[in-house]
Amino acid sequence: MTLRFCTSSLADPRDAATLLGRARIGLTLPAGGSPVPVQDIAAAVLGDVGSLAYEDLYADPPLRGGESEGIRWQRNDELLFGVITLNEADFAAEASVPGKTCLQLASEAAYRRIFRLIDSQGLPKLWRIWNYLADINREDGEPGGLERYRQFNIGRQDAFLASERCATGNVPAACAIGLRSGPLSIAFLAGATAPLPVENPRQVSAYHYPATYGPRSPTFSRGALVHPAGQEILFISGTASIVGHQTVHPADPVRQCRETMENIAAVIREANRLRRSAEFSVSAMTYRVYVRHAADFDAIRHTLQGLIGPATVTYVEADICRADLLLEIEAMASHPLEERT
């Protein structure tokens, strides 16, 4: 297969020659460089799996990589994985312009750089993006003390539009998660072919949210099917307890967990309607679960185990894009590309 995923507590990759990139999750992350792009996620790993988690992407060789405008990247002939980390303070001078914030400028700059890189590499289609920023729910800056997630959305969408990308419809799967502190960190996977977006009939598409959620809508699809050679991959974006465009079950982590999985099941049903390979199922996905309050972890894990069975899950303590959301779940799965059954 062209692309495969591995989750473990081991620092050493299973096959270093085919390691495309990785995420490292933990409050105390190892020092030193890496020969591949690495996204460091400074957050506590919950459960009894150890203090560090590694999620690795493997791809068919030959692999080659480099660095461009602060993006560390690696690719083969079909796909590219990259990571960019920007300090918001570096944009303080530009943020003196009325109506601009450091985070807005940093997110716009990061995405503009990503688009320039993937265009220059001939792999111009974004498939999946992982966004992490500090204090995602804090209100600061101008205008009017805008929530930081909303500031990020302004910069992200401005970059999409300036780079002549669609900001609705054919957009990549993504998540945006809050950490206690640290820089803006974005990891992305891109390819030569466009993703097939998958929406959720239970929810308003994020890019069509009403203005009550900010001056720019979030730029992502609920899921995406991508097709490197001989393979079909389903990426499910960060998903929460939202029906229509409204949060449901505030202050109840168990009911939010159940509602979130109803939404993931709905995305999987839509993906199965569009699929070109075998059926996708809830129990055969790989999950990353973000939990706002560690005290809710046991209840969430118990609830989720009853819904997904023995699927692979990494639990991370982190903030969600709305202050009333207690958890968010993302998922992925891969099949050989063959005639559908």
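Read the figures in this text as sums done on the coordinates, not as results from a lab. What you see is a predicted model; the values in this text were computed from it and never measured. Methodologically, a virtual Cβ is constructed for each residue, glycine included, from the backbone with ideal geometry; neighbour enumeration extends over all protein chains shown.
Of ARG75, ARG180, how do they rank once you tally other Cβ atoms within 10 Å and put the fewest first?
ARG180, ARG75
Residue separation times 0.36 nm, minus the C-alpha to C-alpha distance between ALA16 and ARG180: what's the value?
55.9 nm
I need the peptides 280-293, 316-329 ranked by packing, meaning the mean over residues of other C-beta atoms within 10 angstrom, with the highest value on top. Write out the running numbers ahead of the final one.
Details: 280-293: 19.4, 316-329: 22.8.
In descending order of packing, they fall as 316-329, 280-293.
So if I take the centroid of the Cα atoms in the stretch 285-340 and the same for the stretch 12-47, what is the distance between those two points in Å?
First find each Cα centre; the distance between them is then 19 Å.
Just order 239-245, 172-178, 207-213 by mean Cβ neighbour count inside 10 Å, highest at the front, would you?
Per-residue mean Cβ counts within 10 Å order the peptides as 172-178, 239-245, 207-213.
What is the local net charge at ASP40, summed over the other residues whose Cβ is closer than 11 Å to its Cβ (Lys, Arg +1; Asp, Glu -1)?
Result for the local shell: +2.
Can you run phi through the Karplus equation (6.51, -1.76, 1.60; θ = phi - 60°) for the stretch 235-241 and list ³J(HN,Hα) in whole Hz, with x for Gly and Pro?
9, 9, 5, x, 10, 9, 7
Quickly work out the HIS302-to-SER120 label distance, labels modelled 7 Å from Cα along the C-beta direction, and quote it in nm with one decimal.
Simple spin-label model gives 5.4 nm for this pair.
Name the residue farthest towards the positive end of the dipole of the chain from the options ALA134, ALA251, ALA17, assuming +1 on Cβ of Lys and Arg, -1 on Cβ of Asp and Glu, about the Cα centre.
So the residue furthest toward the plus end is ALA17.
At 222 nm, what helix-only mean residue ellipticity would the chain give, in deg cm²/dmol to the nearest 500, using -39500 (n - 2.57) for each DSSP H run of four or more?
Helices in the chain give a 222 nm mean residue ellipticity of -6500 deg cm²/dmol.
Label SER68 and ASP252 with points 7 Å out from Cα along Cα→Cβ: what is the distance between them in nm?
Modelled inter-label distance: 4.9 nm.
Convert each backbone phi in the stretch 91-102 into a coupling constant with the Karplus relation 6.51 cos²θ - 1.76 cosθ + 1.60 (shift: θ = phi - 60°), then list the ³J(HN,Hα) values in order as whole Hz, x for Gly and Pro.
10, 4, 5, 5, 6, 5, 5, x, x, 10, 10, 4
Considering amide H positions built from the backbone, and no H for Pro or chain starts, which residues 5 or more places from ASP40, or on another chain, come under 5 Å of its amide H?
ARG24
If you plug each phi of the stretch 293-305 into the Karplus form 6.51 cos²θ - 1.76 cosθ + 1.60 with θ = phi - 60°, what whole-Hz ³J(HN,Hα) values come out, in order, with x for Gly and Pro?
Those phi angles translate into 10, 4, 5, 8, 4, 4, 5, 5, 4, 4, 5, 5, 4 Hz.
Report, in debye and to the nearest 20, how large the dipole of the stretch 3-336 comes out about its Cα centre when Lys and Arg carry +1 and Asp and Glu carry -1 on their Cβ.
In debye, rounded to 20, the stretch 3-336 gives about 600.
Based only on other Cβ atoms within 10 Å, what is the fewest-to-most ordering of HIS335, HIS302?
Lowest count first: HIS302, HIS335.
Counting C-alpha atoms alone, how compact is the chain: give Rg to one decimal and Dmax as a whole number, in angstrom.
Expressed in Å, the Cα Rg and Dmax of the chain come to 18.7, 58.
Which of LEU80, ALA106, LEU57 sits farthest toward the positive end of the charge dipole of the stretch 50-120, with +1 on the Cβ of Lys and Arg and -1 on the Cβ of Asp and Glu?
So the residue we want is ALA106.
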